[in-house]
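Since every read-out is calculated from the coordinates, none of them should be taken as a lab result. Keep in mind that what you see is a predicted model, and the values were worked out from it rather than measured. Here the Cβ positions follow ideal geometry from the backbone for every residue, glycine too, while neighbour counts run over all protein chains shown.
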Amino acid sequence: MIETLQAGTRIRYPLSMRVLHWLRAILILGLIASGWFMTGRAEDDPTATIFYPNHKQFGVLAWLLALVHLTLRFHLRAVLPHPPQSLKPWEKWLSHSIHRVIMALTVLTPMLGYAMSTSLPDGDGVPFFVRPRLPEFLPKSDAAFSVFQALHQYSAYLLLACILLHVAGTVKHRFEDRNGETDVLPRML
C-alpha cells in the first residue's frame, strides 16, 4: 500500500490519496478560474450561460471528492507519512494549519455555492450531471442569496490564498532541500 522512494527512508502517500490530491487540485483551480470568468460576463452572455451550470455541477463533484478524501484520510491515517522531523516548529504549525484550512474550505466553499444557488429567488437550482436538479433545502431570498454569494466568493479567495501558500511551501522545500527530508513533493508524485 505504501511505496518507499529510492532513498529508502521516505514514503509516498497511497496511490488513492495521490490521485485524489491532483484531481482535486485541477478541479478546484478550474472552478476558481471559471468562477472569475463567468462572473465577469453579462448574465445574457452565451458563454456565461454555459459556465454557470457546469461550475455548479463540478462544484458538487469537488464537494463529494473532498468527502471521499476526508474518509480515505481517516481510514488510512495509520499509514500516511508524518511531517518531516527536520521542519522548524513554525513550519510544522503553518503546514498543518494550511492543510486543515484547505480541507475545511474544500467542503465549505461548494456548500456556500449550493446555498447561494438554491436561495436565489429566480434561480434554476443546481444540476448534477445526470440529475437535472438537486433538491433545494433553503427558502428563496434575495437577502440570503447576497450573504451566501459574498461568503462563497470570500471562501474561494481564501482557498486560493491557502493553495498558493501550500504550493509556495512545497516549492521552497523542493529547491532548498532537494531530495532531503523536507522535500515533500516526491511523497505526492
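What to note about this one:
- Proxy reagent accessibility, fewest Cβ within 10 Å first, across 34, 117: 34, 117
- Compared with the alpha-carbon gap, the fully stretched path from residue 96 to residue 37 is longer by 18.1 nm at 0.36 nm per residue.
- Counting neighbouring beta carbons within 10 Å and listing from fewest to most, the residues 170, 71, 182 come out as 71, 170, 182.
- For a paramagnetic label modelled on residue 137 (point 7 Å from Cα along Cα→Cβ), amide N atoms under 15 Å away belong, within region 81-114, to 107-114.
- Fully extending the segment from residue 161 to residue 80 would add 26.6 nm, taking 0.36 nm per residue of separation and subtracting the current Cα-Cα distance.
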